[in-house]
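Before any comments, here is the structure.
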Amino acid sequence: MSVDRVYSEPHLTFSRFNLTWAVLPTYILHSTFTMEDYKPPALPSPFNNTTPPPTLLTQGAEAHLYKTTSLNPSIPAALKIRPSKPYRHPILDRRLTRARITQEARCLAKLVREGVSVPALLALDWEGHGGQEGGWGGAWLMMEWIEGDVVRVALEKWEAWMKKASLDDEQTQAQEARVRALMRKMGAAIGALHKAGVVHGDLTTSNLMLRPVDTNDTNEVGLDGDVVLIDFGLASQSAQDEDRAVDLYVLERAIASTHPRSEGLAEDLIVGYRDSYKGAPSALKRLEDVRLRGRKRSMLG
Amino acid sequence: MASSLETINLPHLPPLPIHVAVYRDVQNAAFLKSQLLAGQPEYEYAFIDASMVLSRAHVIAAVFRALNDYSHSRLRSHNVHSEIVFSLNPTNNIAESFRRFGITDSTKDLLVIKVSTSPEITHETVATHLGSAVEGTSTSFDDQTLFELSDITKIKKSYKLGSLASPSKAADQIASKENVEIKQRLENALLGAIALRGS
C-alpha cells in the first residue's frame with residue numbers, strides 16, 4: 001500500500017520539505033497510526049450517545065464491527081453496522097441494506113432456535129438514523145459477544161509454536177492429532193449449520209471462533225473449546241447440495257491458502273462433517289464435482 | 001407499603017429512564033385495565049401480564065425496541081407504553097399483542113413499566129401513584145422472580161417455539177448447568193423474535 005493514500009497530510013510534509021526519517025514525528029512509524037487517523041462514518045442513533053463509545057474492531061467492504069455493551073451494561077455485545085453508501089441512490093441503498101441486514105438477522109435467529117452455536121441476535125434496526133443530520137445512516141445489528149480467538153489466529157499460533165518447538169515424530173503426531181480434533185469439530189459445526197437449512201456463504205478460518213474452555217495446560221496453544229460460527233453477512237437459507245458443497249469447498253481452499261502446514265489435516269473436516277447429519281453424504285458427493293470445476297458453475301451452454 | 005420500584009437507565013439510549021415494578025396477587029386488574037382503556041393519562045403505563053415474561057432481558061429487549069422506535073418517531077401504536085407491550089409480540093397484530101401480553105381481567109401477577117418521557121415523571125411520582133393504584137404485593141424485578149411467575153408453555157406458544165425444550169422450575173434442577181442452558185436458549189430465541197418483528 002502506498003503511503004500517500006493512507007496518511008495524506010504527513011506525506012505532504014515529507015515530500016515538500018524533504019525531511020529525513022530522523023525528524024519525522026515518531027507517530028508516523030507507529031502501525032496504530034492508520035487506525036487512529038481513520039474516521040469511520042458517524043454511528044447511527046442511538047449509539048452516537050453511548051458512553052463509553054463503541055470501539056471499532058474491524059471493517060469490511062459492507063460493514064463495521066464494534067464492541068459495546070449489551071442492554072445489560074455488565075455484558076459486552078458485538079455491534080455490526082452497515083453504513084449508508086453515499087454513492088448509491090438513497091432508495092436503492094435503503095432497500096439493499098435492509099434486505100441484507102434482515103437476511104443476516106433471520107439466519108442468526110433461525111440458527112439460535114435450532115441450537116447451532118452462533119452468536120445470539122440481541123437487537124436490530126434496519127433503518128438506523130445517521131449521526132448529526134438525523135437522516136438515514138445505515139442499519140445495525142447487535143449480537144452476543146463471543147470470547148476467544150478466531151480459528152485462523154489459533155492455527156497461526158499453533159503453526160508458529162510447532163516451528164519453534166523441536167518435537168520428535170511421536171510428539172508431532174500428538175500435536176497434529178489436536179488439530180485433527182479441531183477440524184472434526186469444525187466439520188461437525190458446519191454440518192449442524194447445514195442441517196438447520198442455512199448456508200454460510202463465506203466460510204473461512206476467520207469466520208469460525210473458538211470459545212475457550214478452562215484449561216489447566218497452559219503450555220500448549222489452545223485448540224480446545226467450542227467452535228462458534230460468526231459473520232452471516234453472506235448467509236442464506238438453502239438446503240441444496242450445491243450450496244452446501246460450495247461452502248465446504250471455500251473453506252477447504254481457505255485452509256489450504258492460509259494454513260499450508262495444516263492443509264493435510266483438513267481431511268478431518270470432511271470426516272467430522274460426514275457424520276453430522278443425514279444429508280451430509282450427498283453434499284460431499286457434490287463436493288467432489290465442485291473440487292474439479294471450482295466454486296462457480298460452468299457458464300457454457 | 002414499601003415499594004420496590006426499580007429505575008433503570010438503559011445503555012445506548014438517550015436519557016429516558018424507565019421505572020419497573022412487579023406486583024403479585026393483584027386484586028384490581030379489571031379496574032386498572034378499564035382505566036387504561038378509558039385513556040386516563042395518569043394510568044398510562046405498560047401493564048404486562050408477568051406470566052408472559054421469562055426474564056429481565058426479555059422485557060428489556062422489548063423496552064429497548066419501543067424506546068428506539070419512540071426516539072425516531074416510528075411508533076406503531078398510541079404511545080410508548082402501549083408500544084412496549086406491542087414490542088413483546090412476535091407478530092404485527094397490535095390488538096393480539098394486548099390480549100396476549102397486556103393486562104387482562106384475570107391477571108394475577110403484573111409487571112408495570114413507566115418511561116420518563118417528561119421530567120415531571122420521576123421515581124417518586126411513579127412510586128407514589130403505583131403504590132395507591134395497584135392493589136397487590138410489591139416484589140423485586142429480578143430474574144428469579146420473573147422465572148417463577150412465568151408460564152413457559154404459554155410463552156412458547158405465543159412465540160411459536162414449541163420445538164424448544166422447557167426449562168424446569170423444580171427446585172433441585174433450577175440451577176443445574178443444563179437447565180440454565182435451556183433457559184438461555186429459550187431467552188435468546190425470544191430476543192431474536194422481538195428484534196425481527198416486522199422485518
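Could you work out how far the C-alpha centroid of the stretch A:43-70 sits from that of the stretch B:1-66, in angstrom?
Centre-to-centre distance over Cα atoms comes out at 29 Å.
By per-residue mean of other Cβ atoms within 10 Å, what is the highest-first order of B:8-21, A:105-118, B:125-138?
The densest-packed peptide leads the list: A:105-118, B:8-21, B:125-138.
Per residue of A:136-149, what is the mean number of Cβ atoms on other protein chains within 10 angstrom of that residue's Cβ?
Partner-chain Cβ atoms within 10 Å, mean over residues of A:136-149: 1.
Calculate the length of the line joining the C-alpha centroid of the stretch A:101-122 to that of the stretch B:154-169, in whole Å.
17
Please compute the average number of Cβ atoms from other chains found within 10 Å of each residue's Cβ in peptide A:44-51.
For peptide A:44-51, the averaged partner shielding equals 4.
Give, in nm to one decimal, the length gained when the segment between A:Asp289 and A:Thr55 is fully stretched (0.36 nm per residue of separation minus the Cα-Cα distance).
Separation in residues times 0.36 nm, less the Cα-Cα distance, equals 79.9 nm.
Hey, what did the stretch A:149-293 get for relative contact order, percent, Cα under 8 Å, at least 6 apart?
34
Can you list, bin by bin at 10 Å, the percent of alpha carbon pairs in the stretch B:65-104, starting at 0?
36, 55, 9
Would you calculate, for chain B, the mean residue ellipticity at 222 nm contributed by helices, counting each DSSP H stretch of 4 or more residues as -39,500 (n - 2.57) and dividing by all residues, to the nearest 500?
-13000 deg cm²/dmol
Considering every residue in B:52-64, what mean count of other chain Cβ atoms within 10 Å of its Cβ is obtained?
Counting Cβ atoms of other protein chains within 10 Å of each residue's Cβ and averaging gives 2.
Tell me, what is the percent relative contact order of the stretch A:55-162, built from C-alpha pairs under 8 Å that lie six or more residues apart?
24
Suppose R0 equals 22 Å; then what is the FRET efficiency for A:Arg95 and B:Ala95 from their Cβ-Cβ distance, rounded to the nearest 0.05?
So the FRET efficiency works out to roughly 0.15.
Return the sequence-ordered ³J(HN,Hα) values of the stretch A:148-154 in whole Hz as given by the Karplus equation 6.51 cos²θ - 1.76 cosθ + 1.60 applied to θ = phi - 60°, using x for Gly and Pro.
So the J values, rounded to whole Hz, are x, 8, 6, 4, 4, 5, 4.
Considering Cα pairs under 8 angstrom that are at least six residues apart, work out the relative contact order of chain B and quote it in whole percent.
33
Among B:Glu178, B:Glu148, B:Glu83, which one moves the most in a GNM of chain B with springs linking Cα atoms closer than 10 Å?
B:Glu178
Which of the helices in chain B, when you take each full DSSP H run, stretch at least 20 Å along the axis at their Cα atoms and have an average Kyte-Doolittle score of -1.0 or higher?
B:56-71, B:177-196
With a 10 Å radius around each residue's Cβ, average the other Cβ atoms per peptide and rank B:152-161, B:184-193, highest first.
Output ranking for B:152-161, B:184-193: B:184-193, B:152-161.
If I histogram all Cα-Cα distances within chain B using bins 5 Å wide from 0, what percent of pairs lands in each bin?
1, 7, 17, 21, 21, 17, 10, 4, 1, 0
How far apart, in nanometres, would the label points at B:Ser106 and B:Glu42 be if each is projected 7 angstrom from Cα along the Cα-to-Cβ direction?
According to this spin-label approximation, the distance is 3.1 nm.
Between the alpha-carbon centers of the stretch B:112-137 and the stretch A:222-276, tell me the distance in whole angstrom.
54
How long, wide and thick is the stretch A:236-295, going by the Cα atoms along their three principal axes, in whole angstroms, largest first?
32, 24, 22
Rule-based calculations on the coordinates, nothing more; no lab input. Remember, it's a predicted structure, so these values are computed and weren't measured experimentally. All Cβ positions, glycine included, derive from the backbone under ideal geometry; neighbour counts span all protein chains shown.
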